[in-house]
Amino acid sequence: MGLFEIFGESMNPGNVGGIEKNKGIKNDQNIKTLIFKSIVAIGIVVGVYLFIFSDGLDIAGILFYLGVVFIYCVISYLIIPKPDYSNIGWLGGLMDHPFRYSDDLNRMLIFLSAILYPGRFIATTAMSWVWLLKKSN
């Protein structure tokens, strides 16, 4: 962060997004959405399966890897980054705003949401199936 950003932000502060907590599954999910999420989750699981067994890991390595993926999915499900897209720099985020550091924070939130999307697909699909099974009983 440069001096221009420190002094410029004090004169013209920008909006910064935040991180929200997941509120759970909405009751308006339809079967098409559930099928799409299932296909995406199955594709990710098949990719993980091919990755694990192509390296020839032992059982401890597989359990460690699955534990890391499980923790990643839980974090992805619980945390929802919400950046403020009106303050991501000049030219739609292609160029850094030289007098604001808040656009850097919003771009970091965009990057964090892109990192968490695959785990969120898996976790949301699993939670949707649990919700659907609970609803049918």
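Annotations for the structure displayed:
- Residue that is modelled with the highest pLDDT, among those in segment 49-79 that are outside any helix (DSSP H, G or I) and surrounded by 12 or more Cβ atoms within 10 Å (Cβ to Cβ): Ile79
- Extreme residue, nearest to the chain's Cα centre (by Cα), among residues of segment 98-137 that are closer than 16 Å to Asn22 by Cα, open to solvent by less than 60 Å² (accessible area, probe 1.4 Å) and among the hydroxyl-bearing types (Ser, Thr, Tyr): Ser113
The values are calculated or read from the model by the stated rules, or taken from the named source; none is laboratory data. Just so it is clear, the structure is predicted and the values come from calculations on it, not from any experiment. Cβ: placed from backbone, ideal geometry, glycine included. Neighbour counts: every protein chain shown. Surface areas here come from the heavy atoms of the whole protein model, side chains and all, with no ligands, DNA or RNA. Shrake-Rupley method; radii C 1.70, N 1.55, O 1.52, S 1.80 Å.
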